Amino acid sequence: MEIDSERNLQRKQATYQSLDESFMIQKEVYKGQQYSHIYFARLHFMRTLLYSLVPNWKPHLPVCTILGLEEGKECIIVGTLFKHMKLKPSILDEYSKERSVTSLVKPHNFVHIDDCLILEDESGRVKLTGTLLSPSAYVTGIVAAVHGKDSGAGDFVVQDFLEAGLPPQVELPLKSREDKYVVFVSGLSVGSSTSNPLQFQLLVDHITGHLGDEKEQGIAAQIVHLVVAGNSVEIPYGLLNGQNLAAKDQSRLSEPIKELDILLTQIAAGIPLDIMPGPNDPANFALPQQPLNRCLFPGSAAYNTFRSCTNPHCFVLDNIRFLGTSGQNVDDLEKYSEANDKLEFMERTLRWRHLAPTAPNTLGCYPFTDRDPFLIESCPHVYFVGNQEKFQTRLIKGSEGQLVRLICVPKFCDNGVAVVLNTKNLECHTLSFATQLSS
Amino acid sequence: MNSRKRAQATAPLPPSKHQASTPAVEEEFVDEDFFLDETLIQEDEESLILRDFEERQALASCLSKWARPPLSPSYVSLSQSVFFQQLEIDYVIGESHKELLPTSSGPAAIIRIFGVTKEGHSVCCKVHGFEPYFYISCPLGMGLDDISRFHQILEGRMREVNRNSKVPKHVRRIEMVHRRNIMYYQQQTSHPFLKIVVALPTMVTSCRGILDRGIQIDGFGMKSFMTYESNVLFALRFMIDCNIVGGNWIEVPAGKYKKTAKNLSYCQLEVDCLFSDLISHAPEGEFSKMAPFRILSFDIECAGRKGHFPEPTHDPVIQVANLVTLQGEDQPFVRNVMTLKSCSPIVGVDVMPFNTEREVLLAWRDLIREVDPDIIIGYNICKFDLPYLIERAQTLGIAEFPILGRIRNSRVRVKDTTFSSRQYGTRESKEVTVEGRVQFDLLQAMQRDYKLSSYSLNSVSAHFLSEQKEDVHHSIISDLQNGNAETRRRLAVYCLKDAYLPQRLLDKLMYIYNYVEMARVTGVPISFLLSRGQSIKVLSQLLRKAKQKGLVLPNVKATGSEQGTYEGATVLEAKAGFYEKPIATLDFASLYPSIMMAYNLCYCTLVTPEDVRKLNLSPECVNKTPSGETFVKSNLQKGILPEILEELISARKRAKSDLKEAKDPLEKAVLDGRQLALKISANSVYGFTGATVGQLPCLEISSSVTSYGRQMIEHTKKLVEDKFTTIGGYEYNAEVIYGDTDSVMVQFGVPTVEAAMDLGREAAEYISRTFIKPIKLEFEKVYYPYLLISKKRYAGLYWTNPNKFDKMDTKGIETVRRDNCLLVKNLVTECLHKILIDRDIPGAVQYVKNSISDLLMNRMDLSLLVITKGLTKTGEDYEVKAAHVELAERMRKRDPATAPNVGDRVPYVIIKSAKGAKAYERSEDPIYVLDNNIPIDPQYYLENQISKPLLRIFEPILKNASKELLQGSHTRSISISTPSNSGIMKFAKKRLSCIGCKALINNTEQTLCSHCKGREAELYCKSVSQVSELESLFGRLWTQCQECQGSLHQDVLCTSRDCPIFYRRKKAQKDMAEAKCQLDRWNF
C-alpha cells in the first residue's frame, strides 16, 4: 500500500470462513459406482423435505408412490423429473450409420416442442401429462411433488405442482455495518487472443489502490475480498494430442499460467482472494471441480491470502453467506430448458434447492455414493455465477423473508467488466476497465 | 442330473426303452397322461378347457374387457351382407355341405377365409364347392366317348394309389376346354385341353404322377402326359379363380350365406357359402383401407440354468409380455405381463402374477382366445418363443395349452422346416401353424429385407429406431427371477420393452402396409410373403394373366442348374482413379422391365428355332435378340409378360401421383406401400424367367434381356464418346469411365457440376431417342468428386442440384461387413469424408497415420477392435479351428456360467502371444483383456484388418500408398501394456517413476525427478487434461446407459455386447480410476 504523506489508508478486514468441504473429493475413488446413487441420495433428501411440506399444501390428499398409483384416484406423488428430449445429443450418435453432413441446427439449445416430462421414484416412472406443466421450463434431475391422477393409460394427469422453494436462510446481521466491497471477476482468459493484458493490469492496480486519486483509493481500501470465478487462463489444449511435446510447445503450454500467477501475486499481496476453477482451466472436468493445484501458482501460493477453491464455491464473509459457480450449471440449464434471462435460471435452482439439477445427466459430475453435494440446504445471501454474457443482477425475496442477491458475473476478457458488491446493503455495481486498443 | 429326472417324471413321454429303469409310479403317471391325451381331448375338449374355470374366473373377467366389440343385431340376425378384409386363406377336408351342395357327398376341400370387418369383428368364412383341378393337353382325335373311357381308367388308377381314402369318386369329372400353351409362339389361337377335376387337393399330385408315368388308353396306347398348372397350390388356385388378391375385401351378400350350426371356430362370425357367391372387391377407394386388425406383439422370458441356453425340457417360462395394438393406432390398447411368482405393479401395465407355470401358460392361452389377435408378431417368435411355449407345455403335460388357433379342437403343432431360395439362401426354421392367425416374425422379415451386420434385436433397433436396447444376460435373468417382487418387476419391464420393440419396428418400417400392398399387387396370401420365395409372387401374376388370355402354364419339372447359365450383365471396365471433375451418371430407368416391354419378350412370343424355319416369318414381324433368340413383335402376338409389366408400371405411376395428392397419412402409407410393391414386382419378373430351379424358367428370355442390356450400355458408351468431342463442337472430349448393369458414368470434362448436369441431360435425351420405347436413358445425378476403385466399388458425393450435394454415396466399400472390427468402418468412413467432402487428402493421410499410431501405442478404444462372430455349433462340429469357437471353449473352462453358448454371438479381440501362435489361439474375451491389461496385437489389426480396405481407397490417390501409410515414422513408436495376470509380474517390484521423463524416483512423496522440476505447470496441465477428458467421457457414457435403461434410480445392468459403448464404458470406468490415482500424486 502506498503511503500517503497526509493520510494512511488502512485496508478494511472481514471475517472469512470457507464452506467448501462438501465439494471436496478426497477419499472418494472410482471403483465401478454408477450414477444411480446420487439420484437416490437426492430423492431421499428432497422427499423428506417435500413430505413435510405436503400437509400444508394439500392436507386432504393421500401421498402415493408411483407403484401405488390407482387409476382415477387423486393423489400426490414425489419423484425425480426426467425430461425426454428428442434433440438431446447422445454419444451413440457417433456410431450412427451415416455421418450427417449438416451439423445440428441449434447447437446451443436442445428444447423441442415434443419434449415430455416423466416422474420417477425408485419404484417406477410415469409420464406426466396435462397442460399445467410446460416441459421447456424444467430439466432432468429436479425433485418435486405432483398432484394429479392416473389416467389409466400409464399417464399421470397433473393438476398441481410443488417445488421445494427457497431454502431457509440465516438472517442477515443488519446492525452497525459499514461499506465493505467484494469484487467478482470471471473469464480472465489470460493467454487467449481476446484478452487484453492492459485491462487486467488496470483491475489489479485498482484493487491494490495504485490507481486514481485519494477518493478512489479510499474506495479501493474498502475492498475486502476478490473472487475469481473460473476460466482464468486459456491453455492451447490442442497441443495435447498424446504425442510428446516439443520444447517450444512446452513453454507455450505453461506461459499463460505463469502470467496469471504474476498478476495474482500482486493482488494476493494486498487482499484475500479466492480462485475457482472453470471449464477452461487446468482442472478436472466433472463437478465439483477441485481446487487448482498450487503447483501452478508458485508465486501467489506463498501468500496465505491466496485460496484455491472448489467450483461450486461456498463461503461466509462477515456472516454473509456466498454461493457461486463458474457458470456451468446455468449454461447447461440454458441448453436444456428455456427462461427469460440467466437470473431466472439461477432463481429456479434456488427454488429447486439444487445447484446443478442436470448433473449428472447432461452436466459431468463425480458419481457420489452417499450424498449429493449440490443440494442447497441453507439459502445464501449472495448467489453468483461466472462467465456469463453480460452483467445482470436482481434481489429476490423468498416466502419466508429470505433475501438473495443474484449476480451474473460477465466474462472479463470480453469487455473488462468486474462486479462489486457492497456487503452493507447487498447493492451491486460494475467496474469497467474497457480500453481501446489502437490496432 | 437331478433336474433332468424330475423333468422326465412330469413329461408325457411315451414309455420307451427307459421303461425298465424308471420306477412304476412314473409309468402309471405316463399312462394316465396318455389316457387324457387319447380320449378326453377328442371327446370333450371344451370341458377340459373349462377345467379350472372357477379358479380362473377372476382372470376371465380381467381378460374379457379386451374382447372384440359385440356383434350388432343385423349381424346376429344374418340380415346384413358381411364385408371383411381377409388376411389368411387355407383349406380343410370336411364333409361337403348338405344344404349348399345337395348333390355331392363325401369329403371335400373347404376353403376357410379368415378376416376382420370394418367394425373389428373377426370372421371365418367357409367356402364350399370349389374343386381342385389341372389340365392336360387333349390327345389328337380324342372324342367325348374316349374321354369318359379315359375317365374310368384314370379313376381306377387313382383308386389304386389312394387306397385309404373314403372318397366315392376320385376324379370328379373331365371336361374338354380350349386353351393354349403359354410356351412358344403359336399361330393357332387354341387347342383342345382336358380339365381334370379331382375330389381333393392332394389328389392333384397323385394324379399328375400317374399321368407323368404314362397311362394305357384304349385306342391310343400307352401315353404319358405333360400336365398344366398342376403345381398351383389349392388356396392360390381358389384365389386366382375368384379374383381374390391377398389382403383385399370380400363381400358375402346377405341371404347367400348360412350360419354354421355348430361353430368350429372362435370367430365372432362364422358363415358357410358357395364360392360362386363371393364378391371380391378390388383394393380401390373405400376398399383400399385397412380393417382394424388386432396385432399381438409378445415376448417370453425363461429362467435358464447357469451355462446353458434355455431348453424347454428343463427351463421354466417365467414371464410373458403382451401388447395388443389395433391397426392404425399408435398406442397399444393392451399392455400386459404375466409373471411366475409375485411381481410389483408397473404403471400403465396390467401385471398378472401366478403361482405356477401352468397357470402362466394357461392364462396366456386364454389371453389369445379372448383378445383374438389377427396377427401375431415378435422377434424370433417362429424359431424360439412359440415352439418354446408349446414344447414347454408338452413337458409339463398341459395338454390343453396349445389351442391357440381360431379353430376349436385343433392344437398347434411344431414341425421343423427348411426354407430355401436362391435369393435368401437356406434357413432352418420351425413352423408353428396357428390356424387363422398370421404370424409375422420381425427377425425373418429383417433377414429378408435388409442386409445388416447383425440381426440382434438390439442392433436392429439401434439401426432403425436409433436407440439401444438394454440387454440382460440370461444368466442374470434367473437371479432376477429368484429375487423378490421388485427384481421380478425389473425383469417384467425389460420383457415388456422387448415385446414393444417389434411393434415399433413394424410401425416404423410400415410393414403392415407394405406387406398387405405387396399381397394385393401380387395376389398371394400374406403368409406366403414371409414363408415363400420370390417366384410364387410372379407365378401368381402370371397365372392370373394367363387365365384371362386362355393360356395355360406347363408344369416343367425342375431340371436343376444343369440347364446351364447364361452370360449375366457385364459391366464396362472401370478406369480406376480419383476424379476431381464432375462425373455425370446416365441411368436406364427400370432397364430390364423396359427391355422386355420394348422387345416383346415373353414365353408366348418366343419362336423355337424349328418354327423360325417352318413358319417363315417376315423379318418385320420378329426381333432377333443379340443372344440369338427370335421373338415375334407385338403386332403378331402381344406377350403377357410385357403386359403384366405395363400394368405394373402404369399402376405405379398412378399410385405415385395419388400419393402426391393424398392428405390422410394412413392413405399415404397404403399408397407408398403399393408403389414400392409394384416396383419390386416389376423388377422380379426378369429373375423369375432366369430361375433355373423355379416354376417356369425360360433362359431364352433372361439371356436375351441381359444381352440387350449389354448392347445398350455399349451403344451408349459409343454414342457419348462419338458425339461429345471437341470435333463435335464441345469444349472437351467426353470419356466413359465406368458402366454398371444399368448405368453409365461419363466424364464430360467440364469443371462445374452445373455444366455436367446440362450435358448429362442433353446426352440422355439424345441417346434415348435412339432406343425403342419404353427404354429410356435418364440423367439423374452427378458424382463430384468421384473415387472409382474397381468395378462395383466406388464412392463419391452425390449431386442432384448444382448448389449443394445430397449425400455421400458409397458402394462395395467396407462399411458393414460382419467380420470386420468397427475400426475399419470408422477409418474408411472418416477417410472418405475427409477426401470427398473436406477435399483434404493430406488430412486423410494424417488421420490414418494418427490412428495407426494410436493403435500401436495402445491408445485405441478397445470396442473398436472387437470382432464378433456367431457361435452356431460346438467346437467339435467345426472342421477348421476358428477363433471364436476356441475362445468359447476357453471361456467355458474359466467360468461355465457366463461362457457363450450355441446361438450366442462371441465378441473377441486378437491379443499378443508367443511367436508363431495361430490366430485362433490368440482370440480373447474383451472384458478379460480389459480386466487383466492384456496387450492386444496391433500388428494383426494392421495387417489383417485395416491395411486392405485402406490401400484400396488410397491406391488411386497416392503413389506408394502402402509405404506412405503403413510404414512411416508413425509406426516406430509402440507401447505394450503389461498384463497383470502373468506369472513374471509377481516377482516384479513396482516403483514410481517421474511423470515427466519416466525416470525412476525413490522418494514416493515426489512426483517429478529433480531434472523435471520447474516443468510442473506444464506436466500438471497434461495430467489434468487427461483426467478431464476421461471424466467427460465417463459421464456421457454412463448417463446414456441410464437413458436406455429408462431409470435413474437403479443401477445399469445391461450387458449388451452388441452395443458400441459397452466396452467403452467399462474401459472409461477403469481408466478413470487409474487417471485419478495418477492425479492424486500431485497433491503432496
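The values are calculated or read from the model by the stated rules, or taken from the named source; none is laboratory data. Owing to the predicted nature of the structure, the values given are computational and were not obtained by experimental measurement. Here Cβ is always computed from backbone atoms with ideal geometry, including for glycine, and neighbour counts include all displayed protein chains.
Here B:Thr1039 passes the criteria (1) within 19 Å of A:Ile38 (Cβ to Cβ); (2) more than 7 Å from chain A (Cβ to nearest Cβ); (3) of a type in the set (Val, Ile, Thr) except the one numbered (2). Is it the case that some residue within the stretch B:1049-1062 is under 36 Å from the mean Cα position of the chain (by Cα), within 15 Å of B:Asp861 (Cβ to Cβ) and facing chain A (nearest Cβ under 8 Å)? Yes: one or more hits.
Note on the stretch A:264-291: residues that are of a type in the set (A, V, I, L, M, F, W, C) and either part of a strand (DSSP E or B) or facing chain B (nearest Cβ under 9 Å) (or both) total 7.
Looking across the stretch B:706-733, just one residue is in a helix (DSSP H, G or I), among the hydrophobic types (A, V, I, L, M, F, W, C) and surrounded by fewer than 22 Cβ atoms within 10 Å (Cβ to Cβ), and that is B:Leu719. Regarding B:Thr313, is this residue over 23 Å from B:Leu442 (Cβ atoms) and in contact with a helix residue (DSSP H, G or I) (Cβ under 7 Å, 6 or more places away or on another chain)? Yes, satisfied. Inspect all residues belonging to the stretch B:311-324 and state whether any of them is aliphatic (A, V, I, L, M), surrounded by fewer than 23 Cβ atoms within 10 Å (Cβ to Cβ) and under 30 Å from B:Ile110 (Cβ atoms). Yes: one or more hits. The residues of the stretch A:75-85 that are away from every other protein chain (no Cβ under 11 Å) and touching a His at 6+ places or on another chain (Cβ under 7 Å) amount to a single one, A:Ile76. Only one entry of B:Val317, B:Val347 meets the criterion of being under 27 Å from B:Ser1047 (Cβ atoms), among the aliphatic types (A, V, I, L, M) and free of Cβ contacts under 8 Å to residues at least 24 places away in the same chain, and that entry is B:Val347.
Among the residues making up the stretch B:754-774, those that are part of a helix (DSSP H, G or I) and in contact (Cβ under 8 Å) with a residue 60 or more places away in the chain are B:Ala755, B:Ala756, B:Met757, B:Leu759, B:Gly760, B:Ala763, B:Ala764, B:Ile767.
Of a type outside the set (S, T, N, Q) and modelled with pLDDT under 85 - does that describe any residue in the stretch B:310-320? Checking the stretch B:310-320: at least one residue is of a type outside the set (S, T, N, Q) and modelled with pLDDT under 85.
Considering only residues that are in a strand (DSSP E or B) and of a type outside the set (Val, Ile, Thr), which ones fall in the stretch A:395-422? I'd like the intermediate steps shown before the answer.
If we filter the stretch A:395-422 for residues that are in a strand (DSSP E or B), which is where we start, we get A:395-397, A:403-411, A:417-422.
Once the filter is applied, which keeps residues that are in a strand (DSSP E or B) and of a type outside the set (Val, Ile, Thr), the stretch A:395-422 yields A:Leu395, A:Lys397, A:Leu403, A:Arg405, A:Leu406, A:Cys408, A:Pro410, A:Lys411, A:Ala418, A:Leu421, A:Asn422.
Okay, residues lined up against (1) basic (Lys, Arg); (2) outside any loop (DSSP other than H, G, I, E, B):
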| site | (1), (2) |
| --- | --- |
| A:Lys335 | yes, yes |
| A:Asn340 | no, no |
| A:Ala356 | no, no |
| A:Thr362 | no, no |
| A:Glu377 | no, no |
| A:Val385 | no, yes |
| A:Thr393 | no, yes |
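The number of residues in the stretch A:309-331 being of a type outside the set (D, E, K, R) and at positive phi comes to 2. Of all residues in the stretch B:283-293, exactly one satisfies the criterion of being modelled with pLDDT of 90 or more and either farther than 15 Å from B:Thr117 by Cβ or in contact with a Leu (Cβ under 6 Å, 6 or more places away or on another chain) (or both), namely B:Pro292.
Within the stretch B:681-704, the residues that satisfy the criterion of being of a type in the set (Val, Ile, Thr) and at pLDDT below 85 are B:Thr692, B:Val693. The listed residues are B:Val123, B:Val127, and the only one of them that is at pLDDT 90 or above, crowded, with 21+ Cβ neighbours inside 10 Å and either part of a loop (DSSP other than H, G, I, E, B) or in contact with a helix residue (DSSP H, G or I) (Cβ under 9 Å, 6 or more places away or on another chain) (or both) turns out to be B:Val127.
Within this structure, B:Ser230 passes the test of being hydroxyl-bearing (Ser, Thr, Tyr), in contact (Cβ under 8 Å) with a residue 24 or more places away in the chain and more than 30 Å from B:Val317 (Cβ to Cβ). So which helices (runs of 4 or more DSSP H) stay within the stretch B:22-100 end to end and still have 3 or more residues that are touching an Asp or Glu at 6+ places or on another chain (Cβ under 7 Å) and at pLDDT 55 or above? Hits in the stretch B:22-100: B:57-64.
All of A:Ala418, A:Ala434 fail the test of being surrounded by fewer than 21 Cβ atoms within 10 Å (Cβ to Cβ) and touching a strand residue (DSSP E or B) at 6+ places or on another chain (Cβ under 9 Å), apart from A:Ala434.
Quick one: count up the residues across the stretch B:939-961 that are part of a helix (DSSP H, G or I) and either over 15 Å from B:Tyr847 (Cα atoms) or touching a residue at least 24 places away in the same chain (Cβ under 8 Å) (or both).
Summing the residues that are part of a helix (DSSP H, G or I) and either over 15 Å from B:Tyr847 (Cα atoms) or touching a residue at least 24 places away in the same chain (Cβ under 8 Å) (or both) in the stretch B:939-961 gives 14.
So, B:Ser420, is that one within 14 Å of chain A (Cβ to nearest Cβ) and at pLDDT below 85 or not? Spelling it out, it is not the case that B:Ser420 is within 14 Å of chain A (Cβ to nearest Cβ) and at pLDDT below 85. Filtered by the rule that a residue be without any contact (Cβ under 8 Å) to a residue 24 or more places away in the chain and of a type in the set (D, E, K, R), the stretch B:144-166 gives B:Asp145, B:Glu155, B:Arg159, B:Glu160, B:Arg163. Only residues that are outside any strand (DSSP E or B) and closer than 20 Å to A:Lys86 by Cβ were counted across the stretch A:132-162, and they come to 11.
Listed conditions (1) outside any loop (DSSP other than H, G, I, E, B); (2) facing chain B (nearest Cβ under 9 Å); (3) of a type in the set (Ser, Thr, Tyr) are all met by A:Ser22, apart from (2). Report, by residue number, each residue of the stretch B:585-603 that is in contact with a Cys (Cβ under 9 Å, 6 or more places away or on another chain) and of a type in the set (Ser, Thr, Tyr). Passing the criteria: only B:Tyr603.
Is it fair to say A:Phe315 is crowded, with 24+ Cβ neighbours inside 10 Å, more than 14 Å from every other protein chain (Cβ to nearest Cβ) and hydrophobic (A, V, I, L, M, F, W, C)? Judged against the criteria, A:Phe315 is not a match. Among the residues of the stretch B:327-352, which ones are under 26 Å from B:Lys383 (Cα atoms), within 14 Å of chain A (Cβ to nearest Cβ) and assigned to a strand (DSSP E or B)? Answer for the stretch B:327-352, where residues must be under 26 Å from B:Lys383 (Cα atoms), within 14 Å of chain A (Cβ to nearest Cβ) and assigned to a strand (DSSP E or B): B:Val334, B:Arg335, B:Asn336, B:Val337. I'd like to check something: does the stretch B:379-395 contain any residue that is in a loop (DSSP other than H, G, I, E, B), among the hydroxyl-bearing types (Ser, Thr, Tyr) and surrounded by fewer than 20 Cβ atoms within 10 Å (Cβ to Cβ)? Looking through the stretch B:379-395, none of the residues is in a loop (DSSP other than H, G, I, E, B), among the hydroxyl-bearing types (Ser, Thr, Tyr) and surrounded by fewer than 20 Cβ atoms within 10 Å (Cβ to Cβ).
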